[in-house]
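**Q** Handing you a structure now.
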Amino acid sequence: MDPVTAVAAAGVALVAKAALESAGQEAGRSGWAGGARLVERIRARFRGNAAAEQSLEQVTGSPDNESAQQDLERQLAAHMLLDSDFEAEIRRLVDEAVAAQGRSGAQISAGLIKNAQVFNGKVEVQGNWTTS
């Protein structure tokens with residue numbers, strides 16, 4: 001997975017996480033308050049592009065919708081490739097999220113990131129583990 005796609009996948013996971021926290025009224029308790037900033041920055045960049053705006057709204061409205069997440073990931077990666085300043089800003093916001101989660105112990109659910117590659121520190125798995 002190329003770096004832009006990896007950042008886009010992580011960004012989409014964070015957008016979905018922010019939407020879930022907001023729906024669960026957990027946003028105020030989150031260790032990283034940048035979820036809303038990330039969503040608003042993406043929304044501002046997508047303004048005027050109906051397809052991109054719709055992909056963001058689908059994920060914020062239905063964070064568990066895998067198809068919507070994939071569409072948003074494609075839209076986000078495309079916009080990042082077209083604008084290096086936007087790419088740098090999204091990369092910074094994602095890096096801030098990773099750093100904040102390390103401080104607070106917060107986690108991004110593996111269900112949200114699915115098959116995205118995440119480059120981070122030690123990974124611990126607990127519970128029943130079945131592979132196929």
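**Q** Looking only at region 49-69, which residues are out of contact with any helix residue (DSSP H, G or I) (no Cβ under 8 Å at 6 or more places or on another chain) and of a type in the set (A, V, I, L, M, F, W, C)?
**A** Result: Ala50, single match.
**Q** Related question: Restricting to region 1-47, give me the number of residues that are modelled with pLDDT of 95 or more and not in a helix (DSSP H, G or I).
**A** Looking only at that region, the number is 1.
**Q** Restricting the first residue to region 47-67 and requiring it to be free of Cβ contacts under 8 Å to residues at least 24 places away in the same chain, which pairs with a second residue that is assigned to a loop (DSSP other than H, G, I, E, B) and among the hydrophobic types (A, V, I, L, M, F, W, C) meet a Cβ separation below 7 Å and a spacing of at least six or different chains?
**A** Within 7 Å, no pair qualifies.
**Q** Same structure again: If you scan region 64-82, which residues turn out to be exposed (fewer than 13 other Cβ atoms within 10 Å of the Cβ) and closer than 16 Å to Asn49 by Cα?
**A** Of everything in region 64-82, just one residue is exposed (fewer than 13 other Cβ atoms within 10 Å of the Cβ) and closer than 16 Å to Asn49 by Cα, namely Leu82.
**Q** Just give me the residues in region 72-84 being touching a helix residue (DSSP H, G or I) at 6+ places or on another chain (Cβ under 7 Å) and farther than 15 Å from Ala19 by Cβ, in sequence order.
**A** Gln75, Ala77, His79, Met80, Leu81
The values are calculated or read from the model by the stated rules, or taken from the named source; none is laboratory data. The model shown is predicted, which means the values in this text are computed figures rather than measured ones. In this analysis, Cβ positions are derived from the backbone assuming ideal geometry, glycine residues included, and neighbour counts consider all displayed protein chains.
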